[in-house]
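I have placed the structure first, in the form of structure tokens, so that the comments after it can refer back to it.
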Amino acid sequence: MLLQKQFFGHESVMMLSKELLYISRSNISTEINKTGSWRFLTPIYQLKSSPCTEKCPLSQDISRIEMLVSKGKFKEAIDLILLENPFPSVCGHVCFHTCETACNRKSFDEPVGIHSIERFLGNIAIAEDYKLNIPIISFNGKNIAILGAGPSGLGAAYFMRILGYNCDVFEIKKEPGGLLRWGIPAYRLPDLVLRKEILRIESLGVKIHCNSKETVDSLKKSGKYDAIFIGCGYGKPVKMGIDGEDLAIDGLEFLYKIRNGENTDIGGHVAVIGGGNSAIDVSRSLIRIGATPIIFYRRRIEDMPAFKEEVEAANVEGVEIRELTKPIRIEKDSEGLVITLNNNNTFKAQHVIKAIGNEAENHWKLLLDSKENFSKFSRTVLVNNHLPIVLGGDLVNPVKSVADAIASGKQAAMVLDSFFNHREVTNSMDIYTGGDRKNRSKHITSIEEINLDYFEFSPRRDSEIEEAKRCFNCGICNDCDNCRIFCPEISVNFKDNKRSINLDYCKGCGICITECPRNAMGLREEA
Amino acid sequence: MRQVLEGSHAVSEAVRLAKVQVVSAYPITPQTHIMEAIAEFCANGKMNAKFICVESEHSAMASVIAASAAGVRTFTATSSHGLALMHELLHWASGARLPIVMAEVNRALAPGWNIWMDQTDSLSQRDTGWIQLYCEDSQEVLDTTLCAFKLAEAINLPVMVVLDAFFLSHTYEPVDVPEQNEVDKFLPPFLPRINIDMSNPCSLYQMAPPNFYMEMRYSIFRAMEETISKFLEVEEDFYKVFGRKYGILDSFQCDDAEIIIIAAGTTASTCRQVVLDLRETGEKVGLIKIKMFRPFPKKLISDALSNAKKIAVIDRNCSFGVGGIFAQEIKSALYKNKNMPTVFGYITGLGGRDVTPKMIEEIYFKTKEEHYPEKESIWFGINYELFRN
């Protein structure tokens, strides 16, 4: 009874008589009232997945990266990228950012400029000559041979090295990079960026052998390797199957020449056949060497598989696109070439460049015909006849893009490692190696789960920090502290940079969850 | 300094002069001008107050309750539906014994939507434990608002200053706006009895079980009783500085009056003229203006009416099922009178309908000529034509 009296502690207040001012006031702490006993739902800190990460072929922890950038923690953000992607600046330049298409913020105002923030971070890492600070497993004694130093081969080498393998990369050309080096024009991807990011991979101890003549058979015979990865890029042009096709120059070859600093001897009107990124790359490169490109595309402009931004840029630069046209014959005359189109019109040009697509070399395709000991993964194929061989890159990747190619190499690393170590293959190296992200819920936060009261409409910002602040940080905690501030029972504790809930007092009201702007909490029913 | 102000701005000026520290309100016609001016004062530095924007009147009252419990002088204003929405927290404010001051602009409740003058909104809140003071003109609005802070803080109960929609809130009149140093003489800085002191933590308003609760209600009841004398003290203090006072009741020409009209708000002002006009023709008529409705000054009323033969109460409100609310309260106050006057209860001027001098005159003569009221509540000025098919 004494306790109750102290707790209820009703008293009058000075200067007015007790009879005139009698209220309930107590100097005894309310701690004796363990409101936790009222609880039938328990809040938990439950980080969730974000749609951008889900859509990123490399499963980069985007919401957390943006959160770190918004706080100026660039180094931590770079580490977080490098855990999942060896090419932040390359991707920041050329990736077509499916993340932004998935961004929850797009239904609010505009998606976050994830792509430019990634480029910003990648460039800082290059400019500062940033030393990798991610866990790297020491050599485990196993050797891996990698054929092809394109994005998938280099990706495979990087991630295999992280997982403890010794990697030799064999490249037929004189410099590594594959399509990144020889296929993408320098105005889109500066040389320095690629060189520096490849150097970072080499700094881990990955050896790249250029001008190599090694083949699958020669590697097998050498007996030096425990597994082989083949980065099966699309390097062979597809045939149009029309008369006079030989008169057309291959688009990749043209781009190679330019990237190799050769004189192309091309000028005047140039017909570019195709509607993909190569066709645009070729056309924009032609503009840069003073030629006049005209794109002939068999479908409508809006059907072009090239990235929209690239098509727009080509337009701005003066590239003419003729839709719903395709050549049916190419002939030579005294002035140059005459192209007969499907509408029976003819077009005179000095040159024709075909960029209708490429495919893998036949001997790689043959490997896929193997029926035995063949396991198919989302981006790779494992063939295991005495020696495990993983095929990656464009040949087996559903989407042919730089990020997808790197992701294929990453998956190959996990496929081979799990072959030796029996672990579950995922998209994220952090999850694969049992990092913090393993504890996150697979649930993808939707915009309905974001508390939009905490966000203001804002167009994209020029400053990366300001732009990163626009990110909802879907599903992750950014230390906003709302859960602690709004808890009516003061039952959220913050100690050693970690929040915890004092269940003696948490009554399960769920205010913390409602006030969490980014769905980083959840309610669990009491058992 | 004498200025031409609308009633709303008379409130705003008083709030500024009272150096209120926290203001929170949600706009509603006809209260809006009050808060607009205060918001400007806060924005341009004329007031050093925190203006809390909220999403409803319920939250506005909650905000000032919290601020007041933290120990600062607070103010809010509302009207009609806004007041109705506050209802729960009106009980809380008085139960918590917080000296909050609120301006209440008398406006009708919907449906039919009606933004005009009607007393039903404030009178519906008569049991919430708020002191209610009704004003007749803009000067009285300003003076009463200043007094309201002193009274609330003296007695630890919230005060509602009530003014008629448009007739008062939107009508311009000359008003003497006092100087700050004079106001400071009358109204010192707020010294809270109840406040949150971080150096001496306490919990306020926790659970009160049956063995404590009733005493708390008794305490409010007793404080209300003390309010009558405390109000007179406050008015006396005000009078010393500013030379103006209004009284709990204002008896006008009542000494030899046989028939006394009772009204509140701007209607009382109209009645004064009618009384003077009728006096000139030899009628023995007087007026009592009721300023304080809560606590209801029963003793003062019964004394003031002890010699009257008939009373005509003008109610611009209705408690459905009973009648005019002022009339009820007055009848109850007269219960112990030896010479019980006959009370004529008139319900008129609802929803902003004018109560003209001619109507008041008619009310007077009807009261004079009829021996006994035909009905307990006489609806005066009903247009029965509207009911015809």
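Nothing in this text is a laboratory measurement; each read-out follows from the coordinates by a stated rule. Just so it is clear, the structure is predicted and the values come from calculations on it, not from any experiment. Glycine also receives a Cβ, built like all others from the backbone with ideal geometry; neighbour counts cover every protein chain displayed.
Annotations
- Most positive-pole-ward Cα, A:I301, A:C509, A:T325, against dipole of chain A from beta carbon charges: A:C509
- Long-range HN-HN contacts of A:I321 with modeled amide H, under 5 Å: A:I295
- On the beta carbon distance between B:K245 and B:E173, with R0 = 22 Å, the FRET formula returns roughly 0.75.
- Using 0.36 nm per residue and subtracting the Cα-Cα separation, the extra length available between A:E262 and A:K75 on full extension is 63.4 nm.
- Difference of contour (0.36 nm per residue) and Cα-Cα distance, A:I137 to A:I328: 63.1 nm
- Cα-based helix-to-principal-axis angle, B:357-369 vs chain B, degrees rounded to 10: 60 degrees
- By the rule of a C-alpha distance below 19 Å, with chain neighbours fewer than 8 residues away ignored, the aspartates and glutamates paired with B:K150 are B:E13, B:E104, B:E140, B:E179, B:E182, B:D184, B:E225, B:E226, B:E233, B:E235, B:E236, B:D237.
- Under the span-like rule (Cα at least 18 Å along the axis, Kyte-Doolittle mean at least -1.0), DSSP H helices of chain A: A:114-127, A:402-421
- Rough spin-label spacing in nm, given labels placed 7 Å along Cα→Cβ, for A:D303 and A:L368: 2.4 nm
- Antiparallel DSSP beta bridges within region A:238-358, percent to nearest 5: 40 percent
- Percentage relative contact order, chain A, counting C-alpha pairs under 8 Å, at least six apart: 22 percent
- 3J(HN,Hα) from dihedral phi, region B:25-30, Karplus parametrisation 6.51/-1.76/1.60, rounded to Hz, x for glycine, proline: 6, 10, x, 8, 5, x
- Within the protein assembly as shown, DSSP assigns beta bridges of which about 40% are antiparallel (rounded to the nearest 5).
- In this calculation the C-beta distance from B:T342 to A:S458 is compared with R0 = 60 Å, giving a FRET efficiency of 0.25.
- Label-to-label distance for B:E55 and A:N27 is 4.0 nm, based on points extended 7 Å past Cα in the beta-carbon direction.
- Build a GNM of chain B with springs between Cα atoms under 10 Å apart, and of B:T342, B:T120, B:T266 the one that fluctuates most is B:T342.
- Rg over Rh, two decimals, region B:231-276 (C-alpha only, Kirkwood Rh): 1.06
- At q = 0.06, 0.10 Å⁻¹, base-10 log of I(q)/I(0) for the protein assembly as shown (Debye sum, equal scatterers on each alpha carbon): -0.66, -1.06
- Scattering curve values for region A:359-407, log₁₀ I(q)/I(0), Debye with Cα scatterers, q = 0.12, 0.27, 0.29 Å⁻¹: -0.24, -1.06, -1.14
- For chain A, DSSP calls about 50 percent of its internal beta bridges antiparallel.
- Gaussian network model of chain B, springs between alpha carbon atoms under 10 Å - residue of B:S302, B:S269, B:S219 with greatest fluctuation: B:S219
- Cα centroid of region A:248-270 to Cα centroid of region B:351-374, whole Å: 104 Å
- Pairs of alpha carbons in region A:140-293 separated by more than 25 Å make up 39% of all such pairs.
- Pair-distance distribution of region A:395-436: all C-alpha pairs, bin width 10 Å, starting at 0; shares per bin in whole percent are 30, 49, 21, 0.
- Pairs beyond 29 Å (Cα-Cα), from A:K71/B:K46; A:K174/A:K308; A:K257/A:K365; A:K207/A:K239; A:K73/A:K442: A:K71/B:K46; A:K174/A:K308; A:K207/A:K239
- Helix B:210-242 axis versus longest C-alpha principal axis of chain B: approximately 80°, rounded to the nearest ten.
- Across chain B, Cα pairs under 8 Å and at least six residues apart give a relative contact order of 16 percent.
- Total formal charge among the other residues, if their Cβ is under 11 angstrom from that of A:P398, Lys/Arg +1 and Asp/Glu -1: 0
- Amide H within-cut-off set for B:M292, under 5 Å, with H built and near neighbours excluded: B:Y134
- Between helix B:7-17 and chain B: long-axis angle, C-alpha atoms, 0 to 90°, nearest 10: 30 degrees
- Point-to-point label distance, A:H422-A:K224, nm (Cα→Cβ direction, 7 Å offset): 3.2 nm
- Within region B:63-100, backbone nitrogen closer than 12 Å to the virtual label 7 Å beyond the Cα of A:F494 toward Cβ: none
- For the protein assembly as shown, calculated [θ]222 nm from helices alone, where every DSSP H run of n ≥ 4 adds -39500 (n - 2.57): -10500 deg cm²/dmol
- Remark: region B:167-183, residue by residue, has Karplus-estimated 3J(HN,Hα) of 3, 10, 5, 10, 9, 8, 9, x, 10, 7, 8, x, 6, 4, 5, 5, 4 Hz, where x stands for each Gly or Pro and the curve is 6.51 cos²θ - 1.76 cosθ + 1.60 at θ = phi - 60°.
- Each other residue within a Cβ distance under 12 Å of B:K336 adds +1 if Lys or Arg and -1 if Asp or Glu, for a net charge of +3.
- Set the Cα radius of gyration of chain A against 2.2 N^0.38 Å, with N its number of residues, and you get 1.24.
- Stokes-Einstein, applied to the Kirkwood radius of region A:331-455 over Cα pairs at a viscosity of 1.567 mPa s and 4 °C, places its translational diffusion at 68 µm² s⁻¹.
- Scattering curve values for region B:249-387, log₁₀ I(q)/I(0), Debye with Cα scatterers, q = 0.16, 0.19 Å⁻¹: -0.77, -1.11
- Quotient of C-alpha Rg and 2.2 N^0.38 Å, computed over chain B: 0.98
- Linear extension gain, B:K358 paired with B:E376, 0.36 nm per residue minus alpha-carbon span: 4.2 nm
- Set of aspartates and glutamates near B:K366 by C-alpha distance (under 19 Å), chain-local residues within fewer than 8 positions excluded: B:E258, B:D277, B:E280, B:E283, B:D315, B:D354, B:E374, B:E376
- Placed amide H near B:I52: partners under 5 Å, 5+ positions off or other chain: B:V23, B:S24, B:A25
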